[in-house]
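Student: There's a structure below that I have some questions on.
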Amino acid sequence: MRALITGVSGQDGSYLAELLLSKGYEVFGIVRRSSSETHERLTHIRDKIELIHADLLDQVSLSQALKRARPDEVYNLAAQSFVPTSWTQPVLTAEFTAVGVSRMLEAVRDVAPNAKFYQASSSEMFGKVLETPQRENTPFYPRSPYGVAKVYGHFITVNYRESYNLFAVSGILFNHESPRRGFEFVTRKITDGVARIKLGLAKELRLGNLDAKRDWGFAGDYVRAMWMMLQQPKPDDYVIATGVAHTVREFADKAFQSVGLKYQDFVVSDPAFYRPAEVDLLLGDATKAQKNLGWKPEVSFDQMIQIMVEADVRRLQDTVNRR
């Protein structure tokens, strides 16, 4: 089996590449060309995968990548994926996260119509939620340019499935975290901040809305669901979530507790980090995935936080030791 992953250098892409390699796949990953290419998340598997330079803004490069990889499965994980940035760069977000999906689907339809296609949809599509918990048939009400772009990507995938008989699915993934999460995301900002405070490298942690609630799971569990969706006899869309919501405050509390500290002594709620339109609660119902795919999360909320904090403490301790 051969798989092509866009966004392979991101959190999900790196975990997915590992999973597919463990199953004997040949793995190809699309990366954007830049003057400095580090791909830190791929260092440990860099010699086991083939990277192809292409861009979701460039239709021709996507077609060429598909011709090179000749994939059985295509996982479209690339996007401008940070919600706050979508407010400052809404047009770029639309180009990558919305129209980029159309370009990828067109390339698949033209070059590899028999390949199975996975689109990374998002719980941010639910936004100002119209029911709780959110399921596959819950109406979307996005509250950010990112959420709006993801809704487009979701429905264009459905449209190509129904119009061209492509095996195309969307995974509506709720928040999923790991030590490979970008530092701009609140969960990684917390665990990195906890590690810095524990090691004496910082004295406070400034966060936005502490009462926002999210359904957080472990990224390694969620990429397993992506693969499972493409192993089914028929294409369909699935919500992937733990079914339990926690506040940002709870996340911070547990992260500080894991190193013997109290979050109240260090966390400052800063209005500068509030969104223009807040999403107060996201809570997913993954019953369909559990029933049809046999999927369920294996890493708990507490275990995930422990893994993340310990990884950040190790990373920063190494930095301190090298001084």
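Student: Could you list, in sequence order, the residues of the range 264-323 that are of a type in the set (D, E) and either at pLDDT 95 or above or closer than 15 Å to T187 by Cβ (or both)?
Tutor: Once the filter is applied, which keeps residues that are of a type in the set (D, E) and either at pLDDT 95 or above or closer than 15 Å to T187 by Cβ (or both), the range 264-323 yields D265, D285, E298, D302, E310, D312.
Student: Here are D265, D236: which of them is surrounded by fewer than 18 Cβ atoms within 10 Å (Cβ to Cβ) and over 30 Å from M1 (Cβ atoms)?
Tutor: Result: D265 is the single residue among D265, D236 that is surrounded by fewer than 18 Cβ atoms within 10 Å (Cβ to Cβ) and over 30 Å from M1 (Cβ atoms).
Student: Give me the pairs, please: first residue somewhere in the range 227-248 and more than 21 Å from L16 (Cα to Cα), second residue anywhere and charged (D, E, K, R), beta-carbon distance under 6 Å, and either six or more positions apart or on two chains.
Tutor: From residues that are more than 21 Å from L16 (Cα to Cα), the pairs are A245/K213; A245/D215; T247/D211; T247/K213.
Student: List, please: which pairs have Cβ atoms under 9 Å, are six or more places apart or on different chains, and start with a residue in the range 42-54 that is among the charged types (D, E, K, R) and end with one that is part of a helix (DSSP H, G or I)?
Tutor: K48/A17; K48/L21; E50/R68; E50/A69
Student: Given the criteria without any contact (Cβ under 8 Å) to a residue 12 or more places away in the chain and under 21 Å from V309 (Cβ atoms), does G208 qualify?
Tutor: No, not satisfied.
Student: From the list Q257, Q231, which residue is assigned by TED's automatic domain parsing to the domain that holds G171 and surrounded by fewer than 23 Cβ atoms within 10 Å (Cβ to Cβ)?
Tutor: Q231
Student: Please determine, by comparing only the residues of the range 65-96 that are under 19 Å from the mean Cα position of the chain (by Cα) and either over 20 Å from Y152 (Cβ atoms) or modelled with pLDDT of 95 or more (or both), which one is surrounded by the fewest Cβ atoms within 10 Å (Cβ to Cβ).
Tutor: E73
Student: If you don't mind, there's one more thing I want to ask. When the range 157-184 is examined, which residues are found to be hydrophobic (A, V, I, L, M, F, W, C) and at pLDDT below 95?
Tutor: F183
Student: Do we have any residue at all in the range 117-130 that's crowded, with 24+ Cβ neighbours inside 10 Å, assigned to a helix (DSSP H, G or I) and either at pLDDT below 95 or in contact with a Leu (Cβ under 9 Å, 6 or more places away or on another chain) (or both)?
Tutor: Scanning the range 117-130 turns up at least one residue that is crowded, with 24+ Cβ neighbours inside 10 Å, assigned to a helix (DSSP H, G or I) and either at pLDDT below 95 or in contact with a Leu (Cβ under 9 Å, 6 or more places away or on another chain) (or both).
Quick grid of which residues meet (1) in contact with a Lys or Arg (Cβ under 7 Å, 6 or more places away or on another chain); (2) assigned to a helix (DSSP H, G or I); (3) farther than 23 Å from W87 by Cβ:
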residue: G147; (1), (2), (3): no, yes, no
residue: K150; (1), (2), (3): no, yes, no
residue: N159; (1), (2), (3): no, yes, yes
residue: G171; (1), (2), (3): no, no, yes
residue: R180; (1), (2), (3): yes, no, yes
residue: E184; (1), (2), (3): no, no, no
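Student: Give me the pairs: first residue in the range 98-117 and within 21 Å of A149 (Cα to Cα), second residue among the hydroxyl-bearing types (S, T, Y) and not in a helix (DSSP H, G or I), beta-carbon distance under 9 Å, and six or more apart or on different chains, which are they?
Tutor: Short answer, once both residue conditions are applied: G100/T6; M104/T6; F117/Y75.
The values are calculated or read from the model by the stated rules, or taken from the named source; none is laboratory data. These numbers were taken from a predicted model, which means no experiment stands behind them. Note: ideal-geometry Cβ built from the backbone for every residue, glycine included; neighbour counts use all protein chains shown.
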